[in-house]
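The values are calculated or read from the model by the stated rules, or taken from the named source; none is laboratory data. No experiment lies behind these values; they were computed from the predicted model shown. Here Cβ is always computed from backbone atoms with ideal geometry, including for glycine, and neighbour counts include all displayed protein chains.
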Amino acid sequence: MYAYDQYDQAMVDARVAEFRDQVARRLDGRLSEDQFKPLRLMNGLYLQLHAYMLRVAIPYGTLNARQMRALADIAEQYDRGYGHFTTRQNIQYNWIKLADAPDILADLARVEMHAIQTSGNCIRNISADHLAGAAADEVCDPRPYAELLRQWSSFHPEFSALPRKFKIAVIASEADRAAMRLHDIGIRMVEREGTLGAQFYVGGGMGRTPMIAPLIRDFVPVDQFITYAEACLRVYNRHGRRDNKYKARIKILVHELGADEYRRQVEEEFAHLLTLGIEPPRAELERIKAHFGPPIHAELPPLTAQAGPSDPAAFAEWRAANVLPHKLPGHVAAVISLKPIGGIPGDATAEQMRVIADCAALYSADECRVMHTQNILLPHVREADLPALYARLADAGLATANLDQVGDIIACPGLDYCSLANARSIPVAQKISQRFAASGKGAALGELKLKISGCINACGHHHAGHIGILGVDRKGTENYQLLLGGSEAEDAALGKITGPGFDEDGIVDAVETVADLYLARREAGERFLDTYRRLGMEPFKEALYG
Amino acid sequence: MKLLTGNDLRTGAVIWWTGSNWSPHVAEAADIGSAGEEIAAREEAARRVVAPYLIDGERGPDGSVRPGHIKDRIRALGPTVRPDLTLKPADPAAGNWVI
């Protein structure tokens, strides 16, 4: 994985020193809150419902064991012993003290991490396919391109005050495991007649006005990759609305201009930029690529004779549900579920983070990935190590077998933590998880992606759930709307609201009702989403509302 | 009744104006009538509170103070999904207070 050079480290160290001074000035009164707020937000420090919240960037979700242990140490030393992994492949700490924030950033800098550009109207953490470098269907490893984008976008002076926040995802396969078309820019690396390039989808997003990004350019040569991204941003920065924050995202601009006109303007800007020679030297891309070689297990201790798992049936269930194929023979990728039955989606204790770090070091070439689904992936596991890995995870409560099943719920922090939320998300996720665990229907339902947001900002990706839930405030009372038919995969679609909302218990019943209808009406090989698409909304509405 | 709340500048902890000082316990919050904005400005300038704001509150049958909106009741208690981190960790049913 990528390692900082002297420039990366110097930039991050300088920012820590700068923020330490800013915090000192805030605490002694030389800075007012109005002056300080934009400065702390530039360093990922929010004031949330109960305390300051620190959002730490994890570029394309990738961590080594040392970094994961540092995250565990921060949870223990400065927070309340846990952290929350987010749908942007980041981690958030909920109970930070202002005076501690500079020390935390210093601790992060020591392991090549930071919280820069995790807030504000700038280019946020670049996300990518969590199976990058492991997936058999990728045309290349997308991580070097995500890293190049990270370096280009960090402290980019022209794009540090955009009309609104800006999110970019990079994938390199037909399968979309990163919700690529629901980003401001979604990039798919492609190969045309033996030449590598990129498709640019621009103007997607969730939130108040969900949109699926249209294809703006079908092929950008890799040696013009950053130049094209710059052109896309320039047109947005020039014409994106600054008068209304609800209409300020690039999706609104692309929608109002129309994809053709936006494309025309980007092409004009692109032609101009090509004359300026702003593309990073090819040698820089090659330098970055050298950090992303195939997994090296040669340094791992040789396999010792392993006892079989103590519960072979549970191991077989976990293996069937949570283990994914790998492009190298004898290897697999293993998903560590952060969705125990009745648990809080995405939360991990410091001790669990240390177990994950140990497993990454021992079994996955010193690497793990935060998935946008709020789970952790070990990307490069020798198949023969699976029993030992499973045993270690099971001991730590990290071996729930539910990948992409109804219990593998994405949920934002909701009104339990977030000052923007209108309703709680986590208790609803917990009740649904418990309901389906008790009924034993989870595995029978197969792939069923359920996503819950506590407000219209859609951090829980409710628009893109096969089943989505949106919490709203109805005259001071929590109420939940049900959506069906969304998808964030290569068959991207936006869910539709079924009808009137439900209270907290009612929404749990409603989810079970639609799941039962699917079980009753599905045809061979159909997922929930397939059955919904075949039947349409009406039978589900009939079952829900009579 | 009107309550004044905000966060402690240094720790970020939720605090409530008692009439003479700040407390983490909403039960000690005072009805400040129409004086809220003046107190908020003074306390913010003195760096004892950050992001202060006024809310409507009510008194329960037992006389206890309860914020009018669920968001502020959750602020007063702590996350309902982590009773161990609330101000009433010994009461696993404490979350029911916010509903």
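Taking first residues from the range A:457-472 that are touching a residue at least 60 places away in the same chain (Cβ under 8 Å) and partners that are part of a helix (DSSP H, G or I), the Cβ contacts under 7 Å between residues at least 6 apart in sequence or on separate chains come to A:Ala464/A:Leu182; A:His466/A:Phe528; A:His466/A:Leu529; A:Ile467/A:Val511; A:Ile467/A:Val514. Looking at the range A:1-112, the helices (runs of 4 or more DSSP H) lying wholly inside it that each contain 2 or more residues that are farther than 30 Å from B:His69 by Cβ and away from chain B (no Cβ under 14 Å) sit at A:6-27, A:65-78, A:101-110. The number of residues in the range A:385-419 being more than 14 Å from every other protein chain (Cβ to nearest Cβ) and in a helix (DSSP H, G or I) comes to 11. Highlighted here are the strands (runs of 3 or more DSSP E) found entirely within the range B:1-94 that include at least 1 residues which are within 14 Å of chain A (Cβ to nearest Cβ) and over 24 Å from A:Arg424 (Cβ atoms): B:50-59.
From the list A:Ala411, A:Ala333, which one is modelled with pLDDT of 95 or more, in contact with a strand residue (DSSP E or B) (Cβ under 6 Å, 6 or more places away or on another chain), surrounded by fewer than 24 Cβ atoms within 10 Å (Cβ to Cβ) and within 24 Å of A:Leu182 (Cβ to Cβ)?
Values: A:Ala411 fails: surrounded by fewer than 24 Cβ atoms within 10 Å (Cβ to Cβ).
Step by step, each of A:Ala411, A:Ala333 is checked, and only A:Ala333 is modelled with pLDDT of 95 or more, in contact with a strand residue (DSSP E or B) (Cβ under 6 Å, 6 or more places away or on another chain), surrounded by fewer than 24 Cβ atoms within 10 Å (Cβ to Cβ) and within 24 Å of A:Leu182 (Cβ to Cβ).
Matching residues to (1) over 18 Å from the mean Cα position of the chain (by Cα); (2) surrounded by fewer than 24 Cβ atoms within 10 Å (Cβ to Cβ); (3) not assigned by TED's automatic domain parsing to the domain that holds A:Val323:
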residue: A:Pro387; (1), (2), (3): yes, yes, no
residue: A:Ala391; (1), (2), (3): yes, yes, no
residue: A:Tyr417; (1), (2), (3): yes, no, yes
residue: A:Ser425; (1), (2), (3): no, no, yes
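Among residues that are more than 26 Å from A:Leu420 (Cα to Cα), among the hydrophobic types (A, V, I, L, M, F, W, C), more than 14 Å from every other protein chain (Cβ to nearest Cβ) and crowded, with 16+ Cβ neighbours inside 10 Å, A:Leu445 is included. One residue stands out among those in the range B:74-99 that are basic (Lys, Arg) and more than 20 Å from B:Asn21 (Cα to Cα): the one that is surrounded by the fewest Cβ atoms within 10 Å (Cβ to Cβ), which is B:Lys88.
The helices (runs of 4 or more DSSP H) falling completely within the range A:173-284 that include 1 or more residues that are buried (at least 23 other Cβ atoms within 10 Å of the Cβ), touching a Gly at 6+ places or on another chain (Cβ under 6 Å) and not charged (D, E, K, R) map to A:250-257.
Applying the criterion of at least 1 residues that are of a type in the set (Gly, Ala, Ser) and more than 18 Å from A:Ala132 (Cβ to Cβ) to the strands (runs of 3 or more DSSP E) found wholly in the range A:345-384 leaves A:347-349.
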